[in-house]
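Novice: The structure under discussion is supplied below as structure tokens; questions concerning it will follow.
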Amino acid sequence: MSRYILGRAAQAVVVLWAAYTLTFVVLYLLPSDPVALQLGAAGIETDKLSPVQLQAAMAKYGLDRPVLEQYLSSLWGALHGDLGTSIAKQRPVTALLGERIGSTVALGAVAGVLMLVGGTVLAYLASYVRWRPARILLTRLPSVGASFPQFFIGLLLIQLFAFTLGWLPATGSDGFSSLILPALTISLLTSSLLAQVLMRSFDDTLSQAYIVTARAKGLSRAAVQWKHAFRNAALPAMTILGVIVGLTVTSAIVVETVFARNGVGKLAQESVVAQDVPVVLAIVALAAAVFVVVNLVVDLLYPLLDPRIVHVPKVSR
Amino acid sequence: MTVPIPPAGQPVPSGLDRAVEESLLDDAPVVGRRGNTVRTLKRLGRKPGFVLALVLIVFVVLTAFVPSWFTGFDPTATSPKDRLLSPSLTHPFGTDDLGRDLWTRMLHGSALTIKATLIALSIAIVAGLTLGVVSGFFGGLVDVVLMRFVDVLLAVPSLLFALAIVTALGFGTVPVAIAVGVGIVPGFARTTRAEVLRVKTLPYVEAARAGGASWLRVLVRHVLPNSWGPVLVLAVLDTGVAIIAIASLSFLGFGAAPPAAEWGTLISNGRNFLITAPWVSLLPGLFVGAVVLSLNHLSKTLQELGR
Amino acid sequence: MSPLVTINDLHVGYARGDRVAPAVRGVDLTIGRGEIVALVGESGSGKTTVANTVIGLLPDSALISGGSVVVDGVEVVGAKERALRALRGSVIGLVPQDPMVGLNPTHRIGRQVAEAVRRRGVSGPQVDLGVIEALEQAGIDDAVLRARQFPHELSGGLRQRVLIAIALAGRPRLIIADEPTSALDVTVQSRILDHLEGLVRESGTSLLIITHDLAVAADRSDRVVVLQDGQIVEQGRPADILVSPEQDYTKRLIAAAPGLAHGGRIVPRFELAPDQVATADPVIRLESVSKRYAVPGAGGSFLALDDVSVEVARGRTHALVGESGSGKTTTLRLALGLEKATSGRVVLDDVDITDLGWKQTRPLRRKIQLVHQNPYASLDPRFTIRQSITEPLVSFKVGDRRSRAARATELLDQVALPASYLDRLPSELSGGQRQRVAIARALALEPGLVLLDEPVSALDVSVQEQILALLSELQERLGLSYLFISHDLAVVAQVSHTVSVLNRGRVVESGSVAHVFGSPQSEYTQELIAAIPGQRAEAVARSRELVHD
């Protein structure tokens, strides 16, 4: 068992390293002129510089070294908690992230709770309700929730709850009340996704033979659904949690921009606008790390919740 | 940005289903393959939701190519006296802060959005299909290597990866389209691979092999035709995903430069007038939602058809 | 005393799109208290629908269009869920079809049985006693240990016993057993059925057995009810029905059941003298082949075949018999070259093909063809029948378009299907017709040897007969050799000259069918033969006949 945990953790580290490398390749090798791109972020226009000035500027940001060397030093730094320096803001990336991450974590946590409650309740009801019109309405809801761009939903909620009803602040990042609308915006999408996966899982589970056995015992439909279907349906749906957390992170970019909240998402948007490469790299790596860790936790928890899996030999491929 | 849920494989019919189907066999007319297509189309034609969704999508595609058929206004002609008019018969979506007809700007925005969507989808389909088919069909080490690569792509949330690509390539419709397309590739590759793997082990493939068919023939004649159903379903679903992703990137300010405007930019432009003229944002937003919802519905109907 | 169950003119259909396919058409049936009734029919006969109506568990697509079902004084048709729930568990218990999927995988056995125990009003520590009691009643040793285990830790036979325990735990007055053992191996099957029958006889519970197998029904019931196309065609005491069936359909079912047709004995079709069993020039010879599979993850391996030697004489049929996991399918895949043997040699037509690659064996492939077990999966759903049949010809570039078309018609004619079927899709054919197409495809290249992998096990009894007859006729006409795989000794006896009995990857016995089945030497073969259903009923019928004479 502990060998399995170690192996799974090592695998997670490798995926994380590969994701970091892939992003580095995109940011440092894809642009036709990476030097101009990066110096542009510092407000330096390369074509107006003399060769000597250019050389000095490149040396200042470490761009005169070969790409491989830049990569190794960036990776080495990342391993030691040094994510480089923002070119546009002239500050360490870790400091920038440190200032902003609290607000984003709070947002993600509230959104996560709303997602779990909303998605589960919706899916549970949709597979329990027997009255056809209600059932159809409930099963269609997630599809509607996932069909609108998030920034639009955000604008709609601002229009409704801030401007028309005046219940909640439209923008800003102070206090719990400013968290509600952005968290709701994120969770509308994520809970739609969770509900869709859970609904399918419920459908599969409720058509299993052991459900017939349970009903033949004379258990009520409510008891069958709660005692026999829920756990078996929720187990496979757990594997989508990593994706949902990733989705929450990307949603934060859009939602923090809409609600003018000073979080990591807003930082990402600003950095892309400024083409501030080190910050973009750091944020992508951070998001990948969150995804990898959540998936690792889910994988390690799964055998504890499903008695059929004692240890998990890799048999899927 | 939504994440596609891979469609479930076709369930094996139970004894009861089989018996019921066969009891209907005797009095059903013999149709063969062409008749089968006709029957399917007739069945679809009787679903009002499907027809409505299809009509909307066809309309949007038409507007992308010939927007002038549906409006008499110029998308860039400003008219200060007509600024922020509410929707009326002359201006179905009202006008924006420069007095431009919003309906016309929506229609002309279709061209940009549809173009970007098509680029994104082409990338996803070509790269995703190739990865999936090669991985699923050849298996072994090739499969392991390719799927590890896909795992890594999946580890980076797709919108963030798109942002990295946009940072590297610069702003504009084409970079945004490429970035979104790359983000869809892993899901596509996985679904394709799963389908190919499923079909590859079916008895009729084994029968064809026993009958002396080469792997290439098996791939082209049996595996591909029987795997493309779920892949098509995903492609339709991903069209909606791509539209939303492109709109989101435009909203964040990475799309085409003004005055050209994608749907996302139009919605975004209206946010400064939410109090005085909410329709400037809301109507284009509802339009985008209707288009994506239609695509989701088409995808769902196709999926049910495949069962 | 009034009967426990009274069914009057019951009509049930299933909605399919805008049409309704009738499944049950005017069934009248009673089940007395303590009576054992067997409902026999092929797939689509409506037997399961009747059972589901009685217990109120019809799927949503089912429509009861008329009639009444009264169970223990309660009308079931049109009843509210609450009323049905009062019946389930405490009046009617259900033993479902497939034990492998009939138990909740994430709950312990004890908890699942306890739910049924509580339904009869037991609570507190008494529940544990009730659980142990029910498990022991169902014939489970170590009940305490088993109650703490999860379903996946139990064998199929044990899981079926747990399901029986669940049905018993509510102390019902009627138990419905829906094909209770068809998913199990024959030897396990007969033991469990014996036990179930003993239990209900002892406690005076009524039992409704749903089965496709007339022999299983006749062995254990007081009354057999034969269903066809949703209608009852015949019913009566097993002995009467077996001796003097009135309907042709019943006669066909009896003829198809080996235990019934010949007084519980298997009568082989072909008799071979011992010196004729081995021939000098077999079509295919597997010499001491072994196959070892690596078990992924665990690092171990599993020996699927252990030193197996098999040969098929020209123009004859050799059968491989065994239960699931015996290695018969692995043997077939080795013969076909789909897998490589770990050790041993495979010789096809005097050519050693053991180490040859796919390319080198390709020309040989024309001589050896396969008919798959499941005709519902072995035809590409997008290919017309014509395309399916001519595919081997196209693959080997035999003939041109015109000659292939002519060959397709000829092949369909050989398997007794009209040429008009050429443009149909598989979905427009019944199971039996599909299997004929699969046979036609296997014959397209005029092979000398055809491998038949359980070719009739997915088909109804009456269709099985037709396909077996077709296979025999084709063998005579075209001089084919068959390697025939089956778990069903009776089917084997009908078509085979020689047989090898496989158990856990080893050949325990082989020789002519008459010899192996007539005087089995190994314990395992004896067990298999003893487990063939129908022998008991036939014996009873015989003895009565003697008395009457």
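Computed from the coordinates by the stated procedures, all read-outs in this text should not be read as laboratory data. As the structure is a computational prediction, the values presented were derived from the model and not from experiment. Using ideal geometry, Cβ is built from the backbone for each residue, glycine included, and neighbour counts are taken over all protein chains shown.
Novice: For chain C, what is the convex hull volume of the alpha-carbon atoms per residue, in Å³?
Specialist: Convex hull volume per residue, Cα atoms: 183 Å³.
Novice: While we're looking at this one, here's another question. Would you mind ranking A:Thr139, C:Thr331, B:Thr90, C:Thr361 so that the residue whose beta carbon has the fewest other beta carbons within 10 Å leads the list?
Specialist: Result, fewest neighbours first: B:Thr90, C:Thr361, A:Thr139, C:Thr331.
Novice: So, one more: Round to a whole angstrom and tell me the spacing of the C-alpha centers of the range B:262-293 and the range C:80-158.
Specialist: That distance is 58 Å.
Novice: Tell me, what is the percent relative contact order of chain B, built from C-alpha pairs under 8 Å that lie six or more residues apart?
Specialist: 23 percent
Novice: Counting other C-beta atoms within 10 Å, which of C:Ser481, C:Ser496 has the fewest, and how do the rest follow?
Specialist: Neighbour counts put them in this order, fewest first: C:Ser481, C:Ser496.
Novice: OK, next. Any chance you could list the semi-axes, whole Å, largest first, of the equivalent ellipsoid that the Cα gyration tensor gives for the range C:125-206, using √(5λ)?
Specialist: 19, 18, 10
Novice: In sequence order, what are the phi-derived ³J(HN,Hα) couplings for the range B:291-303 according to the Karplus relation 6.51 cos²θ - 1.76 cosθ + 1.60 with θ = phi - 60°, rounded to whole Hz, with x for glycine and proline?
Specialist: Working through the residues one at a time gives 5, 5, 4, 4, 4, 4, 5, 4, 4, 5, 4, 4, 5 Hz.
Novice: Give, in nm to one decimal, the length gained when the segment between A:Ala289 and A:Val13 is fully stretched (0.36 nm per residue of separation minus the Cα-Cα distance).
Specialist: Taking 0.36 nm per residue and subtracting the Cα distance, the gain is 98.5 nm.
Novice: Continuing with this model, one more query. Could you tell me the calculated FRET efficiency between C:Ser522 and C:Arg314, based on Cβ-Cβ distance and R0 = 35 angstrom, to the nearest 0.05?
Specialist: Given R0 = 35 Å and the Cβ-Cβ separation, E is 0.80.
Novice: Can you compute log10 of I(q)/I(0) for the protein assembly as shown with the Debye formula, treating each Cα as one identical point scatterer, at q = 0.08 Å⁻¹?
Specialist: -1.03
Novice: For the range C:83-116, list residues with backbone N below 14 Å from a point placed 7 Å from the Cα of C:Ser203 toward its Cβ?
Specialist: What the label zone holds, given the 14 Å backbone N cut-off, is C:89-95, C:113-114, C:116.
Novice: Using 7 Å Cα-to-Cβ label points, what is the A:Ala95/B:Trp228 separation (nm, one decimal)?
Specialist: Going by the 7 Å Cα→Cβ label model, 5.8 nm.
Novice: State the answer as a single residue: which of C:Pro99, B:Gly172, C:Ala134 lies farthest towards the positive end of the charge dipole of the protein assembly as shown, with beta carbon charges of +1 for Lys and Arg and -1 for Asp and Glu, about the Cα centre.
Specialist: Working it through, the farthest residue towards the positive pole turns out to be B:Gly172.
Novice: Here's something else I'd like to know. With a cut-off of 8 Å between alpha carbons and a minimum separation of six or more residues, what is the relative contact order of the range A:2-79 in percent?
Specialist: Once normalised by length, the contact order is 18 percent.
Novice: Can you give the calculated 222 nm mean residue ellipticity of chain A, where each DSSP H run of n ≥ 4 adds -39,500 (n - 2.57) and the sum is split over every residue, rounded to the nearest 500 deg cm²/dmol?
Specialist: Using -39500 (n - 2.57) per qualifying helix, the result is -23500 deg cm²/dmol.
Novice: Ok, one more. Residue by residue through the range B:208-219, which ³J(HN,Hα) values in whole Hz follow from phi under the Karplus form 6.51 cos²θ - 1.76 cosθ + 1.60 (θ = phi - 60°), with glycine and proline marked x?
Specialist: Values per residue, Gly and Pro as x: 5, 5, 4, x, x, 5, 6, 4, 4, 5, 4, 5 Hz.
Novice: Now for a different question. Holding the Cα-Cα limit at 22 Å, pick out from A:Lys89/A:Lys266; C:Lys359/C:Lys397; B:Lys47/B:Lys115; A:Lys227/C:Lys47 the pairs that are longer than that.
Specialist: Too far apart for the 22 Å limit: B:Lys47/B:Lys115; A:Lys227/C:Lys47.
Novice: Let me ask something else. In debye, nearest 20: dipole of the range C:102-171 around its Cα centre with unit charges on the Cβ of K, R (+) and D, E (-)?
Specialist: Using only the charged Cβ atoms, the result is roughly 260 debye.
Novice: Under 5 Å between amide hydrogens, which residues at least 5 positions from B:Glu262 or on another chain qualify, with H placed 1.01 Å from N in the peptide plane?
Specialist: Residues meeting the criterion, in which the H sits 1.01 Å from N, are B:Ala256.
Novice: Given contacts defined as C-alpha pairs under 8 Å and at least six residues apart, what's the relative contact order of chain C, whole-number percent?
Specialist: Once divided by the residue count of chain C, the mean separation gives 16 percent.
Novice: Determine, from the Cβ-Cβ distance of C:Ser68 and C:Arg16 and an R0 of 25 Å, the FRET efficiency 1/(1 + (r/R0)^6), rounded to the nearest 0.05.
Specialist: Efficiency computed from Cβ-Cβ geometry: 0.50.
Novice: Another question, then. Using modelled amide H (1.01 Å from N, peptide plane; none on Pro or chain starts), what sits under 5 Å from the amide H of C:Gly230, excluding residues fewer than 5 places away?
Specialist: C:Gly46
Novice: With θ set to phi - 60°, apply the Karplus curve 6.51 cos²θ - 1.76 cosθ + 1.60 along the range B:135-140 and write out the HN-Hα couplings as whole Hz, x wherever there is a Gly or Pro.
Specialist: These are the phi-based 3J(HN,Hα) values: 5, x, 7, 8, x, x Hz.
Novice: Still on this structure: Starting from the 7 Å offset along Cα-to-Cβ, what nm value, one decimal, do you get for the label separation of C:His195 and C:Glu133?
Specialist: 1.9 nm
Novice: Sticking with this one: Take every DSSP beta bridge with both residues inside the protein assembly as shown and express the antiparallel ones as a percent of the total, to the nearest 5.
Specialist: Of the beta bridges lying entirely in the protein assembly as shown, close to 55 percent run antiparallel.
Novice: Taking the beta-carbon count within 10 Å as an exposure proxy, list C:Phe150, A:Phe148 from fewest neighbours to most.
Specialist: By the 10 Å Cβ count, ascending, the order reads C:Phe150, A:Phe148.
Novice: Between C:Arg252 and A:Arg308, how high is the FRET efficiency from 1/(1 + (r/R0)^6) when r is the Cβ-Cβ distance and R₀ = 41 Å? Nearest 0.05.
Specialist: Computed FRET efficiency for C:Arg252 and A:Arg308 comes out at 0.40.
Novice: I would also like to ask the following. So, in nm, how far is label B:Ser88 from label C:Met100 when the simple model puts each one 7 Å beyond its Cα toward the Cβ?
Specialist: According to this spin-label approximation, the distance is 7.2 nm.
Novice: Let me ask something additional. If amide H atoms are built 1.01 Å from N in the plane of the peptide, which residues on other chains or at least 5 residues away come under 5 Å of the amide H of C:Ile176?
Specialist: C:Gly93, C:Leu94, C:Val95, C:Leu208
Novice: Would you compute, from DSSP H runs of 4+ residues alone, the mean residue ellipticity of chain C at 222 nm, taking -39500 (n - 2.57) per run and dividing by the full residue count, rounded to the nearest 500?
Specialist: It lands at -11000 deg cm²/dmol.
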